[in-house]
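See below for the structure under consideration.
The values are calculated or read from the model by the stated rules, or taken from the named source; none is laboratory data. Fair warning: this is a prediction, and the values are worked out from it, not measured in the lab. Cβ placement follows ideal geometry from the backbone for every residue including glycine, while neighbour counts extend to all protein chains displayed. Accessible surface areas use protein heavy atoms only, side chains included; no ligands, DNA or RNA. Shrake-Rupley method; radii C 1.70, N 1.55, O 1.52, S 1.80 Å.
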Amino acid sequence: MQRHVSVGRTAQLLPRRFLHRQACVDFALGALTSRAQYSRINPQAMRHEELSEDEIGPLVDDAVVWANQHGLVVALKDPNFVNPELAVVHAPLSLTPVPYPRARFQLAQQVMPLFNQLVDAVAADEPYLESTLRPAAAHDAFTGRLLGTLAATRDARATLRAARREVVLGIHRSDYMLDEPSGKFLQVELNTIASSFGCLSALMTRLHNYMASRMTSLEPGRLPANPALEHIPDAIATAADSTGLRQEGGVVVMVVQPGERNAYDQQWIQLGLWERHRLRTVRMTLAEIAATAKLDPATATVTLKGGAPVCVFYFRAGYTPTDYPTETEWAARELIERSNAAKCPTVAYQLAGTKKVQQDLAAPGVLERFVPDSRDSGLLREFFAGLWSLDPRDVATDPGVAAAVADAVARPEAYVLKPQREGGGNNLYGEELRAALRAGGEQLSAYILMQRILPPANRSVLVRNGQWSQGETLSELGIYGTFVRHGDAVLLNQQSGHLVRTKTSSSNEGGVAAGFAVLDSPYLVD
Ligand code: ADP
Ligand code: MG
C-alpha cells in the first residue's frame, strides 16, 4: 500500500491507545527463556495496529516536513537540478520508534567500551591477524591486499610508535538484532570502518521526540539520548589535537567515494568539526590523495596541495574492493598508513573488524586471550551469536563445526553465509547457502557460517521519497563507540549513540544507503 504525502495538513493529537503496548511487558534480564513466552509479551506486535490510514497521513506529512526543516536528509541526485548533488530529500524514515527492552538496550550501551578495547587489542596482535586471516586471504584478494599493506608498513609504524607519535582513532558501530528465542541482543557484526548514519540517527531521535510531543501515546522519556552528533566530531578532534599538527594548520581529510559529495550524514560531521572545534575538513577520494598529497619521509607528515598538514584521515570509503580500482588507490592507502596522522581506521583496525575475525573470536578461548577479565569476556559473550569457520581443515577436525555445517545443509533457513565483505548485499541465504555448502571446497575459507538471528516482527509505517507504506518489519540496532589512544594513554573510550534500521520482513539485508531499510529509533519499555 503506497500513499503520497500531501504537505500542509496538520496532525491531530492521537488518543493514548496508540501505544498502550508497554503496559504488560516484563523484559527483565533472563526473564525471556522460551519463544512462546516472548511472543506473548512482545510489545512490538501491537505497533500501529490501531492507527487508521486517516490518522497516519497527516502524521507522515508532519514527520517529512520536520525532517526537511532539520537536515534529516539524503541526496536526491535529481537530474533536473542545475547541480544534482545539491538536491535533497528527507531520509528514509519510520514514523514512530521501535520498542526495545530497556535493560537489554542499556547492557548493549555498557558493553560498547569493551568492544572498543577488544578491537584495539586484536589490532595490536598482528601475528594473530595474519594467522587468522591468511586462509581467507588465499581466496579473497581484498583481504590479502590489506594484509600486504599491514606488512609493508610495519617498520614505518614501529618507528612512529617508538617516537610516541602513534595516535589511534576508533569510530565503531556494533550491530545487533534482538533474538526472539533467547531474548538477547545478538551481534550481527562489528563495524570498524566507515560506520555511517550516526549523525542522521541522532536527528532521528529528535524527530521521534517531536512526534512524541504531538502524540499523547508516545512518552518522550522513553527515547534514549543519542549523542552521536557531538561525540563523533569530538572524537575526531581529540585525535587531531593529539597529533600535535593542529598548531601548524592541520586539517581532517575525509576519505570519500567518488561522486558522494552530497552525503549529508558526512556533512553533519564536517559541520560539527567546524562549529565545535574550528577544525577544517577536506573531502578527498583515494585517487585525489595519491595525486596530490605528499609524505615527508623524515617526519611522516602528509601535506596537501597548499601545504596544510593532515592530522586525521577519516575513512568513509576504502572498505570494499571497488574503492580500489587501480594500484593508485592502494598507493594512497599505503601512504596514509605510513603517515603520522591519526587514521580511522588503521589497516589493522579494519582487519580486526572482518567477519573472519568476528567468527574466530567466538571460538572457545580466543576472546579470552584478548580480554583476560572473565567478567568482561563473559559480558561480551552474552552478545555473540553462533559462528563457525568454513575452512575445510576446521570442518574436518572440529566435530562441532562439522555438525553445524551438516545442520545448515539440512536447515539453511537457520543460518547465514557471509563472505569477507562490507556494505550490504553480499550474504547468502536459503537455497544459495545450501548449494554453496554442498559444493564445498577451499574457497569456503573466505566465508563464515552464522546462526540466523530471529528478531520479532513488528508493524511499521515506512516513509521513503515522500510516500508511505505500512507493513511487517524487522529492526536492527547499532551502538556507536568512540576510542582515542595516544601511545599507551587511552584518552577516550565511550558509548556514543545508536542507530536503528527497520526493513520489511521479506528483505534479508538491512542497509539504508543500499535501499533496503529506513532510519528508526529505540523506544525503551520496562
Ligand atoms: P555488511 O557488512 O554487508 O553490512 P552484515 O553482517 O551487517 O554485513 O549483514 C548484512 C545484513 O544481513 C544485516 O544488516 C542483517 O539485516 C542481515 N544479517 C546479517 N547477519 C545476520 C544474521 N546472523 N541473522 C539474521 N540476519 C542477518
Ligand atoms: Mg552490516
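Taking the centroid of alpha carbons for each part, the range 447-526 and the range 159-177 are 23 Å apart. For residue 516, the residues 5 or more places off, or on other chains, whose built amide H falls under 5 Å of its own are 511. Within the chain, count lysine pairs with alpha carbon atoms under 30 angstrom apart where the residues are 8 or more positions apart or belong to different chains. Step by step, the pairs that qualify in the chain add up to 17.
Sort 92-105, 410-423, 446-459, 361-374 by packing, meaning the average of other beta carbons within 10 Å per residue, with the highest value first.
In descending order of packing, they fall as 92-105, 446-459, 410-423, 361-374.
Scanning residues 5 or more positions from residue 525 or on other chains, those with amide H under 5 Å from its amide H are 100, 102, with H placed 1.01 Å from N in the peptide plane.
For the range 231-332, the relative contact order comes to 37 percent (Cα pairs under 8 Å, sequence separation of at least 6).
Using C-alpha pairs below 8 Å separated by at least 6 residues, the relative contact order for the chain is 26 percent.
Accessible surface calculations at 1.4 Å, restricted to protein heavy atoms, place the range 204-259 at 32 Å² per residue. Taking Cα centre as origin and charging only the Cβ of basic (Lys, Arg, +1) and acidic (Asp, Glu, -1) residues, the dipole magnitude of the chain rounds to 560 debye. Take every DSSP beta bridge whose two residues both sit in the chain; close to 75 percent of them are antiparallel. For the range 168-180, putting each phi into the Karplus relation 6.51 cos²θ - 1.76 cosθ + 1.60 with θ = phi - 60° gives couplings of 10, 10, x, 10, 10, 9, 9, 9, 9, 10, 6, 8, 4 Hz, in residue order, rounded to whole numbers and with x for Gly and Pro. Measuring nothing but how far apart in sequence close Cα pairs (under 8 Å, 6+ apart) lie, relative to its length, the range 346-495 scores a relative contact order of 19 percent. Quick check: Cα centre of the range 286-302 to Cα centre of the range 198-252, how many Å? Taking the Cα centre of each part, the range 286-302 and the range 198-252 sit 31 Å apart.
Placing +1 on the Cβ of each Lys and Arg and -1 on the Cβ of each Asp and Glu in the chain, which of 445, 63, 481 has its Cα farthest towards the positive end of the resulting dipole? Of the options given, the answer is 63. Working note: Karplus 6.51/-1.76/1.60 with θ = phi - 60° gives the range 55-64 the couplings 7, 5, x, x, 5, 4, 4, 4, 5, 5 Hz, where Gly and Pro are set to x. Once the chain from residue 469 to residue 216 is taken as fully extended at 0.36 nm per residue, the excess over their C-alpha distance is 88.8 nm. Estimated from helices alone, the mean residue ellipticity of the chain at 222 nm is -11500 deg cm²/dmol (sum of -39500 (n - 2.57) over DSSP H runs with n ≥ 4, per residue).
Judged by the ratio a/c of the largest to the smallest principal axis of the C-alpha gyration tensor, the range 427-468 counts as prolate, that ratio being 1.5 or greater while a/b is larger than b/c. Given a 1.4 Å probe and every protein chain left where it sits, what share in percent of the accessible area of the chain is carbon and sulfur? That share works out to 53 percent. Given R0 = 25 Å, the distance between the Cβ atoms of residue 411 and residue 443 translates into a calculated FRET efficiency of 0.60. Specify whether the C-alpha gyration tensor of the range 352-406 places it in the rounded, prolate or oblate class, a ≥ b ≥ c being the square roots of the eigenvalues: rounded for a/c under 1.5, otherwise prolate if a/b is larger than b/c and oblate if not. Prolate. What you get for the range 113-271, charging only the Cβ of Lys and Arg (+1) and of Asp and Glu (-1), is a dipole of about 260 debye around the Cα centre. In the full protein context, the range 104-143 carries 34 Å² of accessible surface per residue, based on a 1.4 Å probe and ignoring ligands, DNA and RNA.
Overall form of the range 95-226: prolate. Here a/c, set by the Cα gyration tensor axes a ≥ b ≥ c, is 1.5 or more, and a/b is the larger of a/b and b/c.
Less than 5 angstrom separates the built amide H of residue 191 from those of 173, 174, 175, all sequence-distant by 5 or more or on a different chain. Sorting the segments 147-157, 284-294 by their mean number of nearby beta carbons within 10 angstrom, highest to lowest, gives 284-294, 147-157. Converting phi to 3J(HN,Hα) with the Karplus coefficients 6.51, -1.76 and 1.60 and the offset θ = phi - 60°, the range 518-526 yields 10, 6, 8, 8, x, 10, 7, 10, 9 Hz in sequence order, with x at every glycine or proline. Estimated from the Cβ-Cβ distance and a Förster radius of 25 angstrom, the FRET efficiency linking residue 507 and residue 369 is about 0.10.
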